[in-house]
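Step one of this worksheet: look at the structure below.
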Amino acid sequence: MSIEQVISEWEGQVGCVGFDHETGAFFSIAIHSRALGPAAGGTRAMRYAGFDEALRDATRLAGAMTLKMAIAGLPMGGGKSVIALPAPRNELSEATWRRILEVHAENLATLAGQYWTGPDVGTSAADMDVLHERSGGFAFGRTEAAGGPGSSAPETAHGVHVAIHAAIREAGFDDLEGRRVLVQGLGAVGYDLAARVAADGARVIATDLDAARCERARRELGAEIIEGDAVLATPCDVFAPCATGGVITAGVAAELPARVIAGAANNVLDAPSTADALARRRIVFAPDFVANGGGGIHLVGREVLGWSPDEVAAHVEGIGTTLSEVFELARHDGVSTERAARMLAQQRFEAPIAAPAAP
Ligand code: HCI
């Protein structure tokens, strides 16, 4: 896909694009909306096939952030940073990574608070410490040692867990005892989620590219480990995508042997219309921008709204109520849950709840 196509197919702005010759990293910051407050969304740092792919990811993810903030009732807009790395993150030297963070921090400073970042794939709370310090403060999610609220992964996993419970009720079963839950991706969020459903008595099936993570899940959670290419053909009650986006295509939706889809990955569907095929098969899909909102609730709740950890947890529990509204609206209007969630986000977008001023 060309850069012209990427830009012409979306409604936002690209705040900053740059290439750093010293490291070979490509930087982009997409700002989808600032209607509800400054744009916010994480910094994703990984390898991409090309700059157009990186920019496409930034724009699509920024759009998802707008929906995520609106439906969670948070006073922020949607944005995202994507850094296309010159080599896999774990092969970069400390000096190269440091330089990449410094260039990114300069981009954040240029945007002067129109966009706030946070952790995402390939960046950590420790990286937010650097970005916060070097940008003049425009990063959420610093370590507790640096005065931040720490990792957003536990609250993201908490929210997905709440979403799974709301979705299984919609699918007609009340608990996870003996149910097969397939977790795709055992990163900080996926592993935490797998532990939560294992504690509910679920039979965990898991996969990850990293053999050590799989081994740990097998040992600690009794997980059955499967190959990555077996994921979409493995029968399960709940499929929890917690790795990359775009895993559910129309072809997958027609065949997936699951009753519920609820996970942490952003943009799980390749297109919103793919949800129609899931609805036809009565597969209950918890839209990702609702299910994975716990991280944003943690970061914005703690750092913008001044919430305590308990208040954050209570708002994350609210994801269950929101999903019940989504399911109800989908049933009432005869539309997919994705469509219903977008309608609900749009309503909240047009009538934003009163909230303290954003930073
Ligand atoms: C996400 O949910 O994908 C990221 C959450 C977030 C919220 C606010 C700023 C940065 C990241």
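The values are calculated or read from the model by the stated rules, or taken from the named source; none is laboratory data. Because the structure is predicted, anything quoted here is derived from the model rather than measured. A quick note on method: Cβ atoms are made from the backbone with ideal geometry, for glycine too, and the neighbour counts reach across all protein chains shown. The protein model used for the area step is the full one, side chains on, heavy atoms only, and it has no ligands, DNA or RNA in it. Shrake-Rupley method; radii C 1.70, N 1.55, O 1.52, S 1.80 Å.
How do the pairs read when you match residues in segment 303-320 that are closer than 13 Å to Pro149 by Cα and in contact (Cβ under 8 Å) with a residue 40 or more places away in the chain with residues anywhere that are hydrophobic (A, V, I, L, M, F, W, C) and open to solvent by less than 30 Å² (accessible area, probe 1.4 Å), using Cβ under 9 Å and keeping only pairs 6 or more apart or on different chains? From residues that are closer than 13 Å to Pro149 by Cα and in contact (Cβ under 8 Å) with a residue 40 or more places away in the chain, the pairs are Glu303/Phe140; Val304/Ala40; Val304/Leu74; Val304/Met76; Val304/Phe140; Leu305/Leu74; Val312/Ile297.
Being in a helix (DSSP H, G or I), at pLDDT 95 or above and over 19 Å from Pro149 (Cβ atoms) holds for only one residue in Asn107, Asn90, and it is Asn107.
Considered as a group, the residues in segment 111-134 that are in a helix (DSSP H, G or I) and touching a Gly at 6+ places or on another chain (Cβ under 8 Å) include one that is nearest to the ligand (Cβ to nearest atom), and that residue is Met128.
Residue count for segment 227-266 satisfying the condition of being touching a residue at least 24 places away in the same chain (Cβ under 8 Å), over 20 Å from the mean Cα position of the chain (by Cα) and assigned to a loop (DSSP other than H, G, I, E, B): 8. Thr66 falls short on exactly one of the conditions (1) surrounded by fewer than 17 Cβ atoms within 10 Å (Cβ to Cβ); (2) touching a residue at least 24 places away in the same chain (Cβ under 8 Å); (3) of a type outside the set (A, V, I, L, M, F, W, C); (4) farther than 25 Å from Arg134 by Cα, and that condition is (1).
Is one or more of the residues making up segment 196-212 modelled with pLDDT of 95 or more, among the hydroxyl-bearing types (Ser, Thr, Tyr), open to solvent by less than 60 Å² (accessible area, probe 1.4 Å) and assigned to a loop (DSSP other than H, G, I, E, B)? No: zero hits.
One residue is enough: does segment 75-86 have a residue meeting the conditions open to solvent by 20 Å² or more (accessible area, probe 1.4 Å) and touching a residue at least 24 places away in the same chain (Cβ under 8 Å)? Before you say what the answer is, go through the steps one by one.
Quick first cut of segment 75-86, residues open to solvent by 20 Å² or more (accessible area, probe 1.4 Å) only: 86.
Narrowing further to those that are touching a residue at least 24 places away in the same chain (Cβ under 8 Å): 86.
Within segment 75-86, one or more residues are open to solvent by 20 Å² or more (accessible area, probe 1.4 Å) and touching a residue at least 24 places away in the same chain (Cβ under 8 Å).
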